[in-house]
Every structure is written in structure tokens, then in C-alpha cells.
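Participant: This is the structure I want to talk about, given as C-alpha cells.
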Amino acid sequence: MKTTIRQCAAKGFTLIELLIVVIIIAIMAAIAIPQFGNSTAEATDAALDANLNTVRSAIELYRVQHGNKFPGQIAAAKAGGDCPADQTVALEANKAATFTAQLTGYSNKLGETCKVPAKGFDYGPYLRAIPRDPVTAANDAKGADVELVDAKLADPTKVTAGWQFSTLDGRFQMNSNAKDRNDVEFHKH
């Protein structure tokens, strides 16, 4: 009977062995947890860069297809032709609504915009919607706002929300002087 008890005891773990395993797990957790702490900031920075690249590409494609004019730069009359009257958009120069309509709608060479596909409106849409900046809180309505400037963009002087776009040189940036995880202001991305 003594051999059976010793064999069972030999198969279990001692308290010291269990403590060593717990200590090793604690050390591994202490190393891994700080790595996950940066993942949110990294994801925000990556989302910002992806949004900027997407919008900048759309702006460049619009410019190439519309005679070197940037979206929002010129006024466009209500679209005529085969665009239904209730789907036309009257566009004023240097207005955020014009910028948005020209990137998210169907357009002709003159920049006239139709909300639906129609004959003669062969360009666009370039974006489904203006993306929200990923830094601004989700409940902030200004996250997808675009401020148009008919001059070269100056660096933002405060933490605000949304985007800035220059109809003069086509520069598109985040409208904030807040800093990312690398201590770089968001508008410099």
C-alpha cells in the first residue's frame, strides 16, 4: 500500500513548482501588457493615415479628370442633361458642401454634380462619404467636417475636429494640433 501512495504523490506538483509557474506567467504578462497598451494609439494613427491617403487619392483623381481643378474650387450650376431635377446640386465655390458633393456624387467635366448615375455624368463618385477623423470622439458631430480655405493651409492653432482642405494647392489635412503617440501633430500626417 505504501508504494501506491508514493506513486500518486510522485505524479502531482509540489507547491514550489506551482509557484515557479505562476511567477513565470506573471513575468510574461508584465512584458506583454505594455505592448498591447500602445495598440489603440497605433490603430488610431493607422486609421488616420489610411483616411488621409484615401481622401488625397480621391482629390487627385478628381483634379486629373476635371481640368486641373480641385473639388470645391469652382462653382457649378445645377446639373442639367439627364440628371433628374430633384437629384441636382447647385454648388458654390469654396464651400464644404461643394467639396463633399463633388467627391461623393457623379459629376461631369464642368464639376456639375448629380446624386445618381445619369448620362453625361461619367466621373465619380470618388468616395462614399467623407470619413470621420479617427481621433475625434465618435459622438462629436464635427469629426467629418471639412473646412475649406482659399489659401495655403496654416497649421491649426487649437485642438478641433474634422479636416482642412486648401482649394489653392489641394492640401488635405486633419484640423488639429493635438499630437499622436510619436509626438507629431496630427495635421502633419
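Participant: Of the options T136, I23, F121, report the single residue whose Cα projects farthest towards the positive end of the charge dipole of region 16-147 (beta-carbon charges: Lys, Arg +1; Asp, Glu -1).
Facilitator: F121
Participant: Next question. For q = 0.18, 0.19 Å⁻¹, what log10 I(q)/I(0) does the chain give under the Debye formula with an equal point scatterer on each alpha carbon and no solvent?
Facilitator: The Debye formula, applied to the Cα set alone, gives -1.13, -1.20.
Participant: Which links in K95/K119; K95/K158; K95/K188; K158/K179 stretch past 19 Å when you go from one Cα to the other? Walk me through the numbers before you get to the answer.
Facilitator: On the way: K95/K119 26 Å; K95/K158 22 Å; K95/K188 23 Å; K158/K179 11 Å.
With Cα atoms farther than 19 Å apart: K95/K119; K95/K158; K95/K188.
Participant: Now for a separate question. Determine the distance separating the Cα centre of region 75-111 from the Cα centre of region 144-189; give it in Å without decimals.
Facilitator: Each part's Cα centre sits 25 Å from the other's.
Participant: How much accessible surface does E60 have with a 1.4 Å probe, in Å² rounded to 10?
Facilitator: 80
Participant: Another question, if that's okay. D155 accessible area, nearest 10 Å², 1.4 Å probe?
Facilitator: 80
Participant: At q = 0.14, 0.20, 0.21 Å⁻¹, what base-10 log of I(q)/I(0) does the Debye formula yield for region 67-145 when every alpha carbon is treated as an equal point scatterer in vacuo?
Facilitator: So the normalised log intensities work out to -0.46, -0.81, -0.87.
Participant: Per residue of the chain, what 222 nm ellipticity follows from adding -39500 (n - 2.57) for every DSSP H run with n ≥ 4, rounded to the nearest 500?
Facilitator: -12500 deg cm²/dmol
Participant: Taking the Cα atoms of region 123-189, what is the range of coordinates along each of the three principal axes, in descending order and whole Å?
Facilitator: Here the spans come out as 39, 28, 19 Å, largest first.
Participant: Oh, and also: Using amide H atoms built 1.01 Å from N in the peptide plane, name the residues 5+ places from W163, or on other chains, whose amide H lies under 5 Å from its own.
Facilitator: For W163, whose amide H was placed from the backbone, the distant partners under 5 Å are D145, V146, E147, N175.
Participant: Over region 43-85, give the accessible area per residue in Å² for a 1.4 Å probe, as an integer. Provide the component values of the computation, followed by the final result.
Facilitator: Working: 2060 Å² over 43 residues.
With all protein chains present, region 43-85 gives 48 Å² per residue.
Participant: Could you check the simple spin-label distance between K109 and A90, using points 7 Å along Cα→Cβ, in nm with one decimal?
Facilitator: 2.6
Participant: In the chain, what percent of the accessible surface is made up of carbon and sulfur (1.4 Å probe, ligands and nucleic acids excluded)? If you can, show how the numbers build up before the last one.
Facilitator: Numbers: 6790 of 11500 Å².
Ligands and nucleic acids excluded, carbon and sulfur give 59 percent.
Participant: Something else about it: Identify all aspartates and glutamates with a Cα-Cα distance to K152 below 15 Å; exclude those on the same chain that are fewer than 8 residues away in sequence.
Facilitator: Cα-Cα hits under 15 Å: D169.
The values are calculated or read from the model by the stated rules, or taken from the named source; none is laboratory data. Here the structure is a predicted model, which is why all the values come from computation and not from measurement. Ideal geometry is used to build each Cβ from the backbone, glycine not excepted, and the neighbour counts take in all protein chains shown. The protein model used for the area step is the full one, side chains on, heavy atoms only, and it has no ligands, DNA or RNA in it. Shrake-Rupley method; radii C 1.70, N 1.55, O 1.52, S 1.80 Å.
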